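Contents: one structure, followed by commentary.
Each reported figure results from applying straightforward, stated rules to the coordinates on display, with no laboratory input. Since this is a predicted model, take the numbers as computed values, not measurements. No Cβ is skipped: glycine too gets one built from the backbone with ideal geometry, and neighbour counts run over all protein chains shown.
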Amino acid sequence: MNIQMLGTGSAFAKRYYNNNALLFSGGQTAMLDCGITAPLALHQLSKTFNDIDALVISHIHADHVGGMEEFAFQRKFVYQRSLPLFVPAPLIEPLWETTLKGGLMQEDLRSLDDYFDVRPLQEGESCEIIPGLTIRPIRTKHIAGKPSYSYVMNGSFFYSADMKFDAELLHALVAEGCEVIFHDCQLKPPGVVHTTLEQLLSLPVDLQERIWLMHYDDTRPHYEGMTGAMRFVEQHHVYSF
Ligand SMILES: O=c1ccn([C@@H]2O[C@@H]3COP(=O)(O)O[C@H]3[C@H]2O)c(=O)[nH]1
Ligand SMILES: [Zn+2]
Ligand SMILES: [Zn+2]
């Protein structure tokens, strides 16, 4: 599997774009989260929404779903091609009712199914989203009252999306075979809804060596050389795992 970040920034970052990813496997492309900056980020990679074969969503914040209205409209009216949307079951109703309905609802188009080929994901169950790429959602803590999911891919790659620090989970993932961890990282404490750099630095070095930092704010240049054995994920770089 290859992964290329459309952006690596926090929700309010202006230099790094929203923390969204492209996943490549078996000749197909999946997008993991589609935030406000995703349409422009795709364009800057000379890609269009027609180049995406599947979309996966982690949770309902605009830096993760704010580009979905354009995605839906373009696939419906420009490319006239359906899009498999892999979404944890508890997010399906709120994704439509609280986020997308306002823009997408019209007389003949009244539900998420009218725009997407909705494929519900169940927590803990693996699902092949494009050839050779399976994902397994894990519900992780982010904000009270707001379901949020991280993903294990092909049993060996963990993508946190947005989550509070959970050292126990990280150790358990490594014990079950996770080799690489892309983790959100709030550079400056307190980490009320995210994991802070300080918390990640408390992990043993052999675990830090597996961790790549993403979802960081515009102050990242001040933290070069201050991340222990952890590396920053770079926007647009293609990583093979
Ligand atoms: O209870 C809350 C809810 C939200 N927020 C901020 O809004 C942002 C929304 O996107 P995010 O989840 O990437 O990051 C969140 C935080 O920066 C917060 O600080 N406390
Ligand atoms: Zn976020
Ligand atoms: Zn969030």
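Values for this structure:
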{"read-out": "All positions within segment 174-194 that are under 22 Å from Glu234 (Cβ atoms) and either near ligand 1 (Cβ under 9 Å from one of its atoms) or without any contact (Cβ under 8 Å) to a residue 60 or more places away in the chain (or both)", "value": "Cys178, Ile181, His183, Asp184, Cys185, Gln186, Leu187, Lys188, His194"}
{"read-out": "Unmet criterion (only one of (1) more than 16 Å from ligand 1 (Cβ to nearest atom); (2) in contact with a strand residue (DSSP E or B) (Cβ under 6 Å, 6 or more places away or on another chain)) for Gly35", "value": "(1)"}
{"read-out": "When residues of segment 87-102 are limited to those that are more than 13 Å from Val65 (Cα to Cα) and touching a residue at least 12 places away in the same chain (Cβ under 8 Å), the one nearest to the chain's Cα centre (by Cα)", "value": "Pro88"}
{"read-out": "Filtered residue count, segment 67-116, keeping only those that are of a type in the set (Gly, Ala, Ser) and out of contact with any helix residue (DSSP H, G or I) (no Cβ under 8 Å at 6 or more places or on another chain)", "value": "2"}
{"read-out": "Selected residue (criterion: surrounded by the most Cβ atoms within 10 Å (Cβ to Cβ)) from residues of segment 66-96 that are more than 13 Å from Asp114 (Cβ to Cβ) and among the polar types (S, T, N, Q)", "value": "Gln74"}
{"read-out": "Residue satisfying condition, being closer than 27 Å to Val65 by Cα and of a type in the set (Phe, Trp, Tyr), within set Tyr223, Tyr149", "value": "Tyr149"}
{"read-out": "Helices (runs of 4 or more DSSP H) within segment 53-118 that include 2 or more residues in contact with a Gly (Cβ under 9 Å, 6 or more places away or on another chain)", "value": "62-65, 68-73"}
{"read-out": "Filtered residue count, segment 186-235, keeping only those that are closer than 18 Å to Asp63 by Cβ, in contact with a Gly (Cβ under 9 Å, 6 or more places away or on another chain) and assigned to a loop (DSSP other than H, G, I, E, B)", "value": "4"}
{"read-out": "Breaking point among (1) within 16 Å of ligand 1 (Cβ to nearest atom); (2) surrounded by fewer than 17 Cβ atoms within 10 Å (Cβ to Cβ); (3) at negative phi, for Met163", "value": "(2)"}
{"read-out": "Search result, residues across segment 89-100 that are out of contact with any Asp or Glu (no Cβ under 7 Å at 6 or more places or on another chain) and either among the aliphatic types (A, V, I, L, M) or under 15 Å from Gly124 (Cβ atoms) (or both)", "value": "Ala89, Pro90, Leu91, Ile92, Leu95"}
{"read-out": "Qualifying residue in segment 129-141 (condition: assigned to a loop (DSSP other than H, G, I, E, B), of a type in the set (D, E, K, R) and more than 16 Å from ligand 2 (Cβ to nearest atom))", "value": "no"}
{"read-out": "First in segment 44-69 and more than 15 Å from ligand 3 (Cβ to nearest atom), second anywhere and part of a helix (DSSP H, G or I) and hydrophobic (A, V, I, L, M, F, W, C), Cβ under 6 Å, 6 or more apart", "value": "Phe49/Phe71"}
{"read-out": "Subset of segment 11-20 [surrounded by 24 or more Cβ atoms within 10 Å (Cβ to Cβ) and either hydroxyl-bearing (Ser, Thr, Tyr) or not in a loop (DSSP other than H, G, I, E, B) (or both)]", "value": "Asn18"}
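Rundown of residues vs (1) more than 16 Å from ligand 2 (Cβ to nearest atom); (2) within 21 Å of Met1 (Cβ to Cβ); (3) under 15 Å from the mean Cα position of the chain (by Cα), yes/no style:
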position: Ala30; (1), (2), (3): yes, yes, yes
position: Asp33; (1), (2), (3): no, yes, yes
position: Ala41; (1), (2), (3): no, yes, yes
position: Ala54; (1), (2), (3): yes, yes, yes
position: His59; (1), (2), (3): no, no, yes
position: His64; (1), (2), (3): no, yes, yes
position: Gln80; (1), (2), (3): yes, no, no
position: Leu83; (1), (2), (3): yes, yes, no
